[in-house]
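Note sheet for the following structure.
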Amino acid sequence: MPNAMNQPLPVTVLAGLPGVGKTTLLDHLLAHHDHAGTSIAVVRGRIDDLSGEINRAAAEARFDAIVVEASGTEDPQVIAENLVFDNDIAHLDTIVTVVDADSFSRDYASTDALSERGLADDDHDDRTVVEVLIAQIEFCDVIVINKTDLVDTAALAKLRRILHALNPRAELIDARQGAVAASELVNTDRFDFDATSSAPGWLTMLNADPDSAPVADGVDVGGFVYRARRPFHPERLWALVHQEWPGVLRCKGFFWLATRTDIGGSLSQAGGALRHGPAGMWWAAQERSEWPTGDAELEAEIAADWFGDADDMTIGDRRQELAMIGTGLDEPHWRAAFDACLVTDEEWSQASNGLLADPFPSWEMDEDEHDHDHDHHDHDHGDDCDCGAHGQGHEH
């Protein structure tokens, strides 16, 4: 039934790597949507063309919903940020990511750059396959696990546990040959930007009450959060991030180097890719006169993150806070590995006198950049550590 009530049309975005079956799923929707009494318009194109195409389709007033088939390497969060409708004829309703049950493990463990598969947007696109895959998994409302007929029951069950750990908010739907009911993907009213962007498992873990933090049992899919109020020794942390990380699916958060007291570092690992770079300035590195005023929520966040007396800037909000998710994680091993990177009192003193070596690339920040809430909704554009070892030992 056409949109006779002139309500804003719901827009569903289909994301997923090339070859996962987005087009097959879309063909199934178009072939069967009439049974649900829904008329669907299909929009394809690059991000900068989408809003105009959607507005044109909605203006025809003969559709009940719009489905956008994104290109295989597009980040759905970037799409969502760009689909800002300046009228009341359309609204973003559901973000759907399609994954291939058969190839997921290989793609996730891969160290391939997009350029190696001929998928890079341009010569400056240095993303890896797994970085695109994790971005699509973490920012969505529904994950369609396609081609389930190509894996056995045990493998599918484990994949579901992995996907749930990476995005505990997303609805998981099994599919063969893209056969999914339109009602599961269209006009679901699932999308909410704040909720969807806060859905990643690592972020959920960081934002959880530390007293109820998850633990890794060393057997199944699980995770934990590493926290410390002492800086890392740059050389020891550098060595750790260049080692093999067996079983680690995702590690993300921020860190504090003894040689860099003003700026916190961000670390983002997924499968065979790991990047690090600047996260923003610690509040403790700023004069209080430079802090924003009148924002009660922000002030409460700073107070909650503060260590020691409110007027003591020695540590302040500086800290280590890294969430790690994996299969069969040896939590005591990883905690000991990070603990071993912490500086001793003597090394801390050496760092304050500029006597500690630091192999990390320099971090350049704009003067007005601050690490406001450490939720890291930003995209992973940091220094690539080029650690091929991170692609090893990830048996899914």
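Just so it is clear, none of the values below were taken in a lab; they were calculated from the coordinates. Source: prediction; values computed, not measured. In this analysis, Cβ positions are derived from the backbone assuming ideal geometry, glycine residues included, and neighbour counts consider all displayed protein chains.
Would you calculate a helix-derived [θ] at 222 nm for the chain, using -39,500 (n - 2.57) for each DSSP H run of n ≥ 4 and dividing by the full residue count, to the nearest 500? Don't jump to the answer; show the numbers that get you there.
On the way: 13 runs with 112 residues, N = 396.
The helix contribution divided over the chain gives -8000 deg cm²/dmol.
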Checking rank on 161-174, 63-76, with mean other Cβ inside 10 Å and highest first, the result is 63-76, 161-174
Compactness summary of the chain: radius of gyration and Dmax from Cα atoms, Å, are 22.6, 74
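Please give the length that would be gained between R56 and A157 if that part of the chain were fully extended, namely 0.36 nm times their separation in residues minus their C-alpha to C-alpha distance (nm, one decimal).
Details: separation 101, 0.36 × 101 = 36.36 nm, distance 4.19 nm.
Taking 0.36 nm per residue and subtracting the Cα distance, the gain is 32.2 nm.
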For region 9-199 the mean separation of alpha carbon contacts under 8 Å (6+ apart) over residue count, i.e. relative contact order in percent, is 29 percent
So for R0 = 41 Å, FRET eff. of D211-S183 from the Cβ-Cβ r, to 0.05, ends up at 0.55
Across the alpha-carbon set of region 9-199, Rg over Rh with Rh taken as the Kirkwood radius works out to 0.95
Looking only at lysines whose Cα falls under 29 Å of K252's and that sit 8 or more positions away or on another chain, we get K22, K158
Averaging 1/r across every pair of distinct alpha carbons in region 173-268 and inverting yields a Kirkwood hydrodynamic radius, in angstrom, of 17.1 Å
Taking a crude spin-label model, label points 7 Å out from Cα along the C-beta direction, the L172 to R227 distance in nm is 2.8 nm
Taking 136-145, 118-127, 47-56 and ranking on average Cβ neighbours within 10 Å, highest first, one gets 136-145, 47-56, 118-127
The FRET efficiency for E235 and S197, from their Cβ-Cβ distance with R0 = 30 Å and rounded to 0.05, is 0.30
Within the set V78, V11, V130, GNM on the chain using Cα springs under 10 Å gives the largest fluctuation to V78
Exposure proxy check on H233, H242: fewest-to-most Cβ neighbours within 10 Å is H242, H233
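Given contacts defined as C-alpha pairs under 8 Å and at least six residues apart, what's the relative contact order of region 78-161, whole-number percent? The partial results should precede the final answer.
On the way: 76 pairs, mean separation 32.3, N = 84.
Reported as a whole number, the value is 38 percent.
So between S289 and T23, what do we pick up on full extension, going 0.36 nm a residue minus the alpha carbon distance? Please list the in-between numbers first.
Details: separation 266, 0.36 × 266 = 95.76 nm, distance 5.49 nm.
Full extension of this stretch gives 90.3 nm more.
Where the convex hull is taken over the Cα atoms of region 213-370, what is its projected area averaged over directions, in nm²?
Working: hull surface 40.5 nm².
Its Cα hull, projected and averaged over all orientations, spans 10.1 nm².
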